[in-house]
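Below you'll find the structure, written out as structure tokens, and then a few comments.
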Amino acid sequence: MPDAVSTRKHQEHFFAALDDTPLAAVDTVDEEAAPASLWADAWRSLRRRPLFWISAALILLVVTVAAFPSLFTSVEPRFCELRNSLGEPSAGHPFGFDRQGCDIYARTVYGARASVAVGVLTTLAVVLIGAVVGAIAGFYGGWFDSVLSRITDIFFAIPLVLAAIVVMQMFRDNKTITTVVLVLGVFGWPQIARITRGAVMSVKNADFITAAKALGASRVMTLIRHVMPNAAAPIIVTATVSLGIFIVAEATLSFLGIGLPPQITSWGADIAKAQVSLRSQPSILFYPAGALALTVLSFIMMGDAVRDALDPKARKR
Amino acid sequence: MAWYVGRRLLQMVPVFLGATLLIYAMVFALPGDPIQALGGDRGLNEAVAAQLRAEYNLDKPFFVQYLLYLKGILTLDFGTTFSGREVIDVMGEVFPVTFQLSIMALTFEAVLGITVGLIAGLRKGKLFDATALLVSLVVIAVPIFVIGFVLQFVVGVKLQWLPVTVGGDVTFRTLLMPAIVLGAVSFAYVLRLTRTSVAENLTADFVRTATAKGLSRSRVVNVHVLRNSLIPVVTYLGADLGALMAGAIVTEGIFNIPGVGNTLYRAIQQGQAPTVVSLVTVLVVVYIVANLFVDMLYALLDPRIRYA
């Protein structure tokens, strides 16, 4: 191509600085360095987010309060004296008293356990059912997928709170944390199932899955060892956000009088009771509602932070 | 397109059958004998009870009951409540109320959610965006009944701008506050969805092309960004109509609205199986049809989607 060369003669020439790294060094793989996996990248990005630390601290606080309520108050939440009814805050009783004369601070502290237990256990149940159904439907496809997807559609078509109200009537005389978890779990899993199915389907045709198959890994092992870890990100994010949503659902059921029984101190029931005292003393509503909102908020913020960290597109900006 | 609609309609059949069977089974499993409960403390005469059982098909096996019920639905015969009213009459009374409430809530959340979400998405990372996100998080985290109480107390009792409860007087004015409460949580989701979608589409290649060929900012935003960003939002809104109608139980309770939720809640507590199943069935059908409608809307919004 002599012509092409001659036309370039009049142009200026720029040279990059000479890189004198020997070829051997360029090709060497640093085996000491940790591989930059999705999770390692996500953690590096999470560490720099104040939102992550705030929500992590709040979650830690709520879980500690739920596990050891007696560390935070020495007042018995079910010890109520009518002479204290609607009492103002005093020494040892920082939030005052409700209509029954119970200490609001103690009830708010002890109420954490029911909400956190319902939220965590329901999320575990939902992830267990949803991930198994979604993974089988997405990975095996075909006939399995058609049947499982239609079953998912059926449960998805019945709104959660509606189903919960109908079923909780069955347990009218036997309302415990377990029954609430059971009811919310049985009707809460379709969302996770759909997300798992989508994630599994997008992973299962990747080259490394073909490689695993070629190396002779069985179908089940391929699904458990190779597909699921790579499909886990959206499931974890959805589960974290759902945890907050389930806490709200439990409070809604308790508010309707068909959630947890009065023997179990819970924020939902306390909020429902506060309705009648709202005009005389708004603080009765404020503390349990505030505690509930803060707990739910911390889980949703955590889900948001993890989602942003796991999404390379969002991380760039 | 017609083929696609037909296939989707066929897919609805198993979902409809499964959902009604599930609800019927759950209501069937409810404890207590509703016929005995009708008689109160004294109890019913055996012969009368037997006759009532036969009349409501309660003496037949579960599956026969379900099939008879299904036959009724298909011929639009929803049976009678235990107090002797036609269930379809009750539905004709309560569904319009809940429907109006849900449509008002949907309008509220769509208009406000998309507007605020669009502005927040266009100004990602700025003060407006941060404030909108914080507000949406708080609205999601606070249970709907707390929002209801507080609004009812502040706007209704303290400021007296709007009526405190609805009662028998169902008008736009009385339903305004309940609709805002009902749509509050979804408003937050619509806002977040629009914001994420807009922010993502702003960096898309087709938006750069549109800007590069000299279109005005407003045309780029309104036609190219907004139209593409609305796709996930419309999906959410469509699915939400059914969820709103079902979720109205709490809102209708707080504001004493004579709608589906209130009727349903009372029917469940009285173990009135035919009423419960009928109301829930219609809710499920609304939900399924709304989802189908959303899928059809896709083609209008997104030229890339064509149903072969």
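Structural remarks
- Residue check for residue B:295: more than 12 Å from chain A (Cβ to nearest Cβ), acidic (Asp, Glu), assigned to a helix (DSSP H, G or I) and touching a Phe, Trp or Tyr at 6+ places or on another chain (Cβ under 9 Å): yes
- Within segment A:142-191, being surrounded by fewer than 22 Cβ atoms within 10 Å (Cβ to Cβ) and part of a loop (DSSP other than H, G, I, E, B) holds for A:159, A:171, A:172, A:173, A:174, A:175, A:176.
- Lone qualifier among A:209, A:158, A:136 - being in contact with a Phe, Trp or Tyr (Cβ under 8 Å, 6 or more places away or on another chain) and without any contact (Cβ under 8 Å) to a residue 24 or more places away in the chain: A:136
- For segment B:170-201, the set of residues classified as hydrophobic (A, V, I, L, M, F, W, C), buried (at least 18 other Cβ atoms within 10 Å of the Cβ) and either outside any helix (DSSP H, G or I) or within 14 Å of chain A (Cβ to nearest Cβ) (or both) consists of B:181, B:182, B:184, B:185, B:188, B:191, B:193, B:198, B:199, listed by residue number.
- Neighbours by Cβ (under 8 Å, 6+ apart or cross-chain): first from segment A:58-81, over 14 Å from residue A:265 (Cα atoms); second at pLDDT 75 or above and small (Gly, Ala, Ser): A:58/A:298; A:59/A:298; A:62/A:112; A:62/A:298; A:73/A:106
- Residues considered: B:156, B:125. Of these, the only one that is farther than 27 Å from residue A:242 by Cβ, part of a helix (DSSP H, G or I) and within 12 Å of chain A (Cβ to nearest Cβ) is B:156.
- Among the residues of segment B:252-288, those identified as more than 11 Å from chain A (Cβ to nearest Cβ) and either more than 17 Å from residue B:88 (Cβ to Cβ) or at pLDDT 80 or above (or both) are B:252, B:255, B:256, B:257, B:258, B:259, B:262, B:263, B:266, B:282.
- Where helices (runs of 4 or more DSSP H) sit wholly within segment A:219-317, those with at least 2 residues that are more than 9 Å from chain B (Cβ to nearest Cβ) and over 18 Å from residue A:106 (Cα atoms) occupy A:228-255, A:283-310, A:312-316.
The values are calculated or read from the model by the stated rules, or taken from the named source; none is laboratory data. All values reported here derive from a predicted model rather than from experimental measurement. All Cβ positions, glycine included, derive from the backbone under ideal geometry; neighbour counts span all protein chains shown.
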